[in-house]
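Working notes, beginning with the structure itself.
The values are calculated or read from the model by the stated rules, or taken from the named source; none is laboratory data. Keep in mind it's a predicted model, so treat the numbers as computed, not measured. Heads up, the Cβs are rebuilt from the backbone with ideal geometry, glycines too, and the neighbour counts pull from every protein chain shown.
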Amino acid sequence: MEAVDAQNAFSGAVLVARDGEPIYTGAYGLANRALDIPNQIDTKFNLGSMDKMITGVAILQLVETGQLSLDAEVGDLLPDFANEQIAQTVTVHHLLTHTSGMGDWSESPRFPELHDQIRTVEDYLPLFIDTPLEFEPGDRFRYSNSGYIVLGLIIEKIAGQSYYDYVQASIFEPCGMADTAAYELDAELPDSAMGYTKMAIDGSELDEITDYRFAMPMRGGPSGGGFSTVEDLLRFRNCLLDHRLLSPESTELLLAGKVKLNEHIQYAYGFLDRQVAGQRVVGHSGGAPGVCDFLDIYLDRGYTLIILSNSDGDCVAAHEAIEPALLP
């Protein structure tokens, strides 16, 4: 990491743990360039798609308590869901594994118009509710942020409370994750990192680096965009593997690969299940303009690698620098 930092190739925070205990922490670069505020270990970073792990745990909690079936169709759970095609054919399992045939709300041409208004899970619906399925549910894998929004609506319906309140009470508080939540981007959030990007919403390159708020929904949710710290994510790892969130059987169901992406990677329920140098690694990454994150749990070796960055692609250089030291 000193070598990476010397090349100005990383802005963010890093934590490496062994058997759930930190053995290395480091923070680099600036959380706010305008005010010259440095990143710290307790800086809150945007998680991007890492929130899918939280949503996966929440769904499996409801399955474990008998309130939900993985085979249930959307229409059975959300009788008023306005897209009849999705309601009648897509199951919870399809949503969790990105095999629903649904697309991605972030690709909606209405996103620039609506992004300031997104404050609840339901506020995401206009971005995709009228979009037809791209393929028959179960036929193949297509990464779908829209599908995870529907999972959030299902959690709200069954739990009788907002998605945000449910995960706060059922995941963050039991795990002691006091610095994790889906904060609104226009709120005054102390100890948080501003994301910086050269990426436009369509993936093209901007002429200059700018802050990332134009490209992100005003409030994140079940598909991504919440905030956390490297220390809170280690608490989440420990809580999950200590079976304080789910039973051992449900935890393995959560983490076990379901859909093959390539020879070494499968998608589970909000987690990736990978084989790296013969070692099993579970977790999820997060990527968006001004967001670059990893949570990798090396189950066979006992290591955990957490990288949170507030710049485009920075976490990749850090990951490539650290991971070889964690493998046999």
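Each residue in the stretch 201-213 was checked for being in contact (Cβ under 8 Å) with a residue 60 or more places away in the chain and either touching a helix residue (DSSP H, G or I) at 6+ places or on another chain (Cβ under 9 Å) or farther than 20 Å from residue 32 by Cα (or both), and 1 pass. Take the residues in the stretch 99-145 that are among the aromatic types (Phe, Trp, Tyr) and within 17 Å of residue 221 (Cα to Cα), then tell me which one is surrounded by the most Cβ atoms within 10 Å (Cβ to Cβ). Checked the stretch 99-145; the qualifying residue surrounded by the most Cβ atoms within 10 Å (Cβ to Cβ) is 124.
If you check 97, 55 for being polar (S, T, N, Q) and touching a strand residue (DSSP E or B) at 6+ places or on another chain (Cβ under 8 Å), only one passes: 97. The set of residues in the stretch 152-185 that are within 15 Å of residue 120 (Cβ to Cβ), charged (D, E, K, R) and surrounded by fewer than 19 Cβ atoms within 10 Å (Cβ to Cβ) comprises 157, 165, 184. Looking at the stretch 124-136, which of its residues are touching a residue at least 40 places away in the same chain (Cβ under 8 Å) and either within 14 Å of residue 225 (Cα to Cα) or of a type in the set (Phe, Trp, Tyr) (or both)? Correct list: 124 only. Contact map, the stretch 289-303: first residue free of Cβ contacts under 8 Å to residues at least 40 places away in the same chain and within 20 Å of residue 28 (Cβ to Cβ), second residue of a type in the set (Asp, Glu) and buried (at least 23 other Cβ atoms within 10 Å of the Cβ), Cβ cut-off under 7 Å, separation 6 or more or different chains; the map is empty. Looking at the stretch 183-200, which of its residues are modelled with pLDDT under 90 and either farther than 11 Å from residue 215 by Cα or in contact with a Ser or Thr (Cβ under 8 Å, 6 or more places away or on another chain) (or both)? If the condition is that a residue be modelled with pLDDT under 90 and either farther than 11 Å from residue 215 by Cα or in contact with a Ser or Thr (Cβ under 8 Å, 6 or more places away or on another chain) (or both), then 187, 188, 189, 190 are the ones that fit.
Looking at residue 274, is it in a loop (DSSP other than H, G, I, E, B) and either of a type in the set (D, E, K, R) or at pLDDT below 95 (or both)?
So residue 274 fails the test.
Going through 78, 96 one at a time, which residue ends up being farther than 24 Å from residue 284 by Cβ and of a type in the set (A, V, I, L, M)?
78
Scanning the stretch 155-180 for residues that are of a type in the set (A, V, I, L, M, F, W, C) and over 25 Å from residue 287 (Cβ atoms) returns 158, 159, 169, 178. Here the helices (runs of 4 or more DSSP H) wholly within the stretch 51-108 that include at least 3 residues being closer than 30 Å to residue 293 by Cα are 51-64, 92-96. Which residue, of 257, 283, is at pLDDT 95 or above and either among the basic types (Lys, Arg) or not in a loop (DSSP other than H, G, I, E, B) (or both)? Residue meeting the stated conditions: 283. Taking the criterion of being loosely packed, with under 15 Cβ neighbours inside 10 Å and over 27 Å from residue 242 (Cα atoms), the residues of the stretch 1-32 that qualify are 2, 3, 6, 7, 8. Residue pairs whose Cβ atoms lie under 8 Å apart, sitting 6 or more positions apart in sequence or on different chains, and linking a residue in the stretch 1-23 that is free of Cβ contacts under 8 Å to residues at least 24 places away in the same chain to a partner that is basic (Lys, Arg) and in a strand (DSSP E or B), do not occur here. So, in the stretch 241-270, of the ones that are farther than 20 Å from residue 287 by Cα and in contact with a Leu (Cβ under 7 Å, 6 or more places away or on another chain), which residue ends up surrounded by the most Cβ atoms within 10 Å (Cβ to Cβ)? Taking the candidates together, the pick is 254. Can you confirm whether residue 201 is among the β-branched types (Val, Ile, Thr) and either buried (at least 21 other Cβ atoms within 10 Å of the Cβ) or in a loop (DSSP other than H, G, I, E, B) (or both)? In short, yes.
Candidates are the residues of the stretch 34-75 that are acidic (Asp, Glu) and surrounded by fewer than 15 Cβ atoms within 10 Å (Cβ to Cβ); the one that is farthest from residue 233 (Cα to Cα) is 71. Considering only residues that are closer than 18 Å to residue 265 by Cα and more than 20 Å from the chain's Cα centre (by Cα), look in the stretch 302-323 and name the one that is surrounded by the fewest Cβ atoms within 10 Å (Cβ to Cβ). Among those residues, the one meeting the criterion is 320.
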